[in-house]
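Encoded as structure tokens, the structure appears first; notes follow it.
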Amino acid sequence: MIIGLPIGMVNSNSYLIFDETGDGDGAIIDPGGKIQPLLDQITRHRILPRYLLNTHGHFDHTAANAQLKALYAIPLGVHPADYALLAAGGGAVAFGIPPVNSPCPDLELNDGDILEIGQLHLQVYHTPGHTPGSVCIYCPEERALFTGDTLFAGSVGRTDLPGGNARQLTASLLRLLALPPETRILPGHGPQSTLTNEQRLNPWLQRLSAQHH
């Protein structure tokens, strides 16, 4: 089961994914702000958090890392290419926000890695472009893709911040187009979508699809 909560700074989405058929093993993805709504859902659904995962190192996706790590003592997973961004406060200063302190990651999220939570599998796709260490996390059992700031409903991640790279983003989006069309898109900001809808309605993906057919 997946629960999405738009509770982060600048309305970023935080997610809980857990195996409701087993012991409730789960993961917290992109805890970008207030933690109480997350804690309420964890209590309500009797979730046992096993991992704390960041799709990338920006402050609005990592702001609650320290609080949650202190509460649950679970591994924090980030792609190594974003360790420096995380250590530098997540880029908050560029937005006039004090640096967001996060603990050091203790789990590398490298391309092709698979994390297990109960019967669910979380597959890591390294999708640089928005940041050097951006990842998307795919759960085949839930037909769901957590896209962070790589892909949104109707849009794609910006590449004008430090570490952004438009060419890399294009290559990353092409990889995602190979996933099953019914895949649910769970982005870092804004509403959920499906890959089919994005291929039909997202101008960036329309252009990419046209170029590669």
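So which residues in region 1-25 are over 22 Å from residue 189 (Cβ atoms) and buried (at least 17 other Cβ atoms within 10 Å of the Cβ), if there are any at all?
18, 19, 24, 25 - these are the residues of region 1-25 that are over 22 Å from residue 189 (Cβ atoms) and buried (at least 17 other Cβ atoms within 10 Å of the Cβ).
Name the single residue that is surrounded by the most Cβ atoms within 10 Å (Cβ to Cβ) among those in region 157-213 being among the small types (Gly, Ala, Ser) and assigned to a loop (DSSP other than H, G, I, E, B). Steps first, answer last, please.
Of region 157-213, the ones among the small types (Gly, Ala, Ser) are 157, 163-164, 166, 171-172, 178, 188, 190, 193, 209-210.
From what's left, assigned to a loop (DSSP other than H, G, I, E, B): 157, 163-164, 178, 188, 190.
Numbers: 157: 26, 163: 21, 164: 18, 178: 7, 188: 29, 190: 15.
Filtering region 157-213 for residues that are among the small types (Gly, Ala, Ser) and assigned to a loop (DSSP other than H, G, I, E, B), the one surrounded by the most Cβ atoms within 10 Å (Cβ to Cβ) comes out as 188.
Determine whether residue 108 is at pLDDT 95 or above, farther than 19 Å from residue 75 by Cβ and acidic (Asp, Glu).
Values: at pLDDT 95 or above: yes; farther than 19 Å from residue 75 by Cβ: no; acidic (Asp, Glu): yes.
Spelling it out, it is not the case that residue 108 is at pLDDT 95 or above, farther than 19 Å from residue 75 by Cβ and acidic (Asp, Glu).
Can you say whether residue 11 is within 16 Å of the chain's Cα centre (by Cα) and at positive phi, as far as the supplied structure shows? Let's see the steps before the verdict.
On the way: within 16 Å of the chain's Cα centre (by Cα): yes; at positive phi: yes.
The answer is yes for residue 11.
Here is a yes/no grid of residues against (1) closer than 17 Å to residue 109 by Cα; (2) of a type outside the set (Asp, Glu):
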site: 16; (1), (2): no, yes
site: 30; (1), (2): yes, no
site: 42; (1), (2): no, yes
site: 64; (1), (2): no, yes
site: 78; (1), (2): yes, yes
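Taking the criterion of being within 19 Å of residue 132 (Cβ to Cβ) and more than 17 Å from the chain's Cα centre (by Cα), would at least one residue in region 172-183 satisfy it? Explain how you work it out, then say what you get.
Restricting attention to region 172-183, the residues satisfying the condition of being within 19 Å of residue 132 (Cβ to Cβ) are 172-176.
Add one more test, that the residue is more than 17 Å from the chain's Cα centre (by Cα), and what stays is 174.
There is at least one residue in region 172-183 that is within 19 Å of residue 132 (Cβ to Cβ) and more than 17 Å from the chain's Cα centre (by Cα).
Given 91, 133, 118, which one is in contact (Cβ under 8 Å) with a residue 60 or more places away in the chain, touching a Phe, Trp or Tyr at 6+ places or on another chain (Cβ under 9 Å) and farther than 26 Å from residue 159 by Cβ? Show your work before the answer.
Values: 91 fails: farther than 26 Å from residue 159 by Cβ; 133 fails: farther than 26 Å from residue 159 by Cβ.
Of the residues listed, the single one that is in contact (Cβ under 8 Å) with a residue 60 or more places away in the chain, touching a Phe, Trp or Tyr at 6+ places or on another chain (Cβ under 9 Å) and farther than 26 Å from residue 159 by Cβ is 118.
Out of region 85-131, which residues are aliphatic (A, V, I, L, M), in a loop (DSSP other than H, G, I, E, B) and over 16 Å from the mean Cα position of the chain (by Cα)? Spell out how you get there, then give the answer.
Kept after step one, since they are aliphatic (A, V, I, L, M), are these residues of region 85-131: 85-88, 92-94, 97, 100, 107, 109, 114-115, 117, 120, 122, 124.
When the remaining residues are screened for being in a loop (DSSP other than H, G, I, E, B), the result is 88, 97, 100, 109.
Answer for region 85-131, where residues must be aliphatic (A, V, I, L, M), in a loop (DSSP other than H, G, I, E, B) and over 16 Å from the mean Cα position of the chain (by Cα): 88, 97, 100.
Condition check ((1) touching a residue at least 40 places away in the same chain (Cβ under 8 Å); (2) closer than 22 Å to residue 162 by Cβ; (3) touching a helix residue (DSSP H, G or I) at 6+ places or on another chain (Cβ under 9 Å); (4) part of a helix (DSSP H, G or I)) across all residues:
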position	(1), (2), (3), (4)
31	no, no, yes, no
40	no, no, no, yes
43	no, no, no, yes
46	no, no, no, no
49	no, no, yes, no
55	yes, yes, yes, no
66	no, no, no, yes
71	no, no, yes, yes
83	yes, yes, no, yes
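The values are calculated or read from the model by the stated rules, or taken from the named source; none is laboratory data. Remember, predicted model here, so these are calculated numbers, not experimental data. Here Cβ is always computed from backbone atoms with ideal geometry, including for glycine, and neighbour counts include all displayed protein chains.
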